[in-house]
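Values in this text are rule-based calculations from the coordinates and carry no lab data. Because the structure is a prediction, the values reported are computed rather than measured. Because the Cβ atoms are built from the backbone with ideal geometry, glycine has one as well, and the counts that use them run over all protein chains shown.
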Amino acid sequence: MYQIECDTHTHTLYSRHAYSTIEENVRAARDCGIKLLASTDHFSDMLFGDYENVKNYQYFFCSSNWPRQWNDVMVLRGCEADIVDMEGHFFGHDIAVEKSVVGDPYDPERNLQELVFERLDFVIASVHAKRHTEGKSVAENTKMYIKALENPKVFFIGHIGRAGVPFDMDEVLLRAKELNKAVEINEHSFFWEGHHQMVCRDIAVRCAELGVSICVNTDAHMSLEIGQTQKAQAVLEEVGFPQELIINRTKESFLEGLSKSGVCNVQIMG
Ligand SMILES: [Zn+2]
Ligand SMILES: [Zn+2]
């Protein structure tokens, strides 16, 4: 088994189909020896019917109040943002916000995506609804992923192997390497059988060959899943994946990676 000290893709109740609070997730992280937890709720139109209402996003706006070091666990504030078009834009980029949560006008007007991203340490770029990719070519999908990865707040692409959007693996992986960013190997992708499992495996093999960093995460939607990446690790072992390319192997390696990519500089604590 690998040494993986960080779980950097996890959800709380805020995501609406997840079931634990941030405090429950932090406790679960401490109990299983995770030293750094990133909380990355969905930032997506799957959250609210009236998704244009800025008051719905106070959870993100105020996550800076969480202690950095909480129950011996260092906590990062992130989100998993939906890629919503072929230009690699994210949910909220086209939602104008005229007033703050308390009704003060923004001058100039801001967009929802900027307002959320600027308060967070980093962002995971994921495709969930893939309507916008229907009928598109592999080249167009590849460009979409690369553009998303190039957003200065994005540190890695989430569950790219199970999103069901075909893309040119080498092009995306090499761009990730150039940007000092990563792609994710996600435990949830191994929960059920399917072609996507082979894609995830192939991604791991190619990352190892090209020297591209991966981030191995649970995508926990309940606290009991925090830190549990056994299925993903079994696949990595099977393909002989090198430990040193796992960006979240230690707290230090993850934070150094974030800093090297230019996404953010968070001082090591604990
Ligand atoms: Zn989810
Ligand atoms: Zn997720």
In whole Hz and in residue order, list the ³J(HN,Hα) couplings for the stretch 79-86 that follow from phi through the Karplus curve 6.51 cos²θ - 1.76 cosθ + 1.60, θ = phi - 60°; x for Gly and Pro. 8, 10, 9, 6, 7, 10, 8, 6
Inter-probe distance in nm under a simple model that places probes 7 Å from Cα toward Cβ, at residue 168 and residue 252: 3.8 nm
Out of the GluC sites (Glu not before Pro) in the stretch 176-270, which ones are loop residues according to DSSP with at most 11 other C-beta atoms within 10 Å? 193
Where a Cα-Cα gap under 13 Å defines reach, which aspartates and glutamates qualify for residue 260, not counting those fewer than 8 residues away within the same chain? 178, 252
Need one number: nm distance between label points at residue 224 and residue 51, each 7 Å from Cα along Cα→Cβ, rounded to one decimal. 3.1 nm
Inter-probe distance in nm under a simple model that places probes 7 Å from Cα toward Cβ, at residue 13 and residue 210: 4.1 nm
The answer for residue 100, listing residues at least 5 apart or on another chain whose modeled amide H is closer than 5 Å to its amide H, is 106
Given the Cα-Cα distance of residue 68 and residue 202 and 0.36 nm per residue of separation, how much length would full extension add, in nm? 44.7 nm
For residue 80, which sequence-distant residues (separation of 5 or more, or a different chain) have an amide H within less than 5 Å of its own amide H, given hydrogens modelled in the peptide plane? 41, 42, 43, 124
Which whole-Hz couplings ³J(HN,Hα) result when phi for each residue of the stretch 178-185 is put into the Karplus expression 6.51 cos²θ - 1.76 cosθ + 1.60, θ = phi - 60°, listed in order with x for Gly and Pro? 4, 7, 6, 10, 9, 10, 9, 10
Which order do 75, 101 fall in if you start with the one that has the fewest other Cβ atoms within 10 Å? 101, 75
Karplus 3J(HN,Hα) series, Hz, for the stretch 139-146 with 6.51 cos²θ - 1.76 cosθ + 1.60 (x for Gly, Pro): 5, 5, 5, 4, 4, 4, 5, 5
For the stretch 132-188, which chymotrypsin sites (Phe, Trp or Tyr not before Pro) are in a loop by DSSP, counting at most 11 other Cβ atoms within 10 Å? none
Between the stretch 195-270 and the stretch 42-109, what's the alpha-carbon centroid distance in Å? 25 Å
What are the semi-axes of the equivalent ellipsoid for the stretch 184-270, taken as the square roots of 5 times the Cα gyration tensor eigenvalues, largest first, in whole Å? 23, 17, 10
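Which FRET efficiency value, to the nearest 0.05, is calculated for residue 106 and residue 131 with the Förster distance at 30 angstrom and r the Cβ-Cβ distance?
Working: r = 30 Å, r/R0 = 1.00.
It comes out at approximately 0.50.
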Once amide H atoms are placed 1.01 Å from N in the peptide plane, what residues at a sequence separation of 5 or more from residue 111, or on another chain, have their amide H within under 5 Å of its amide H? 97
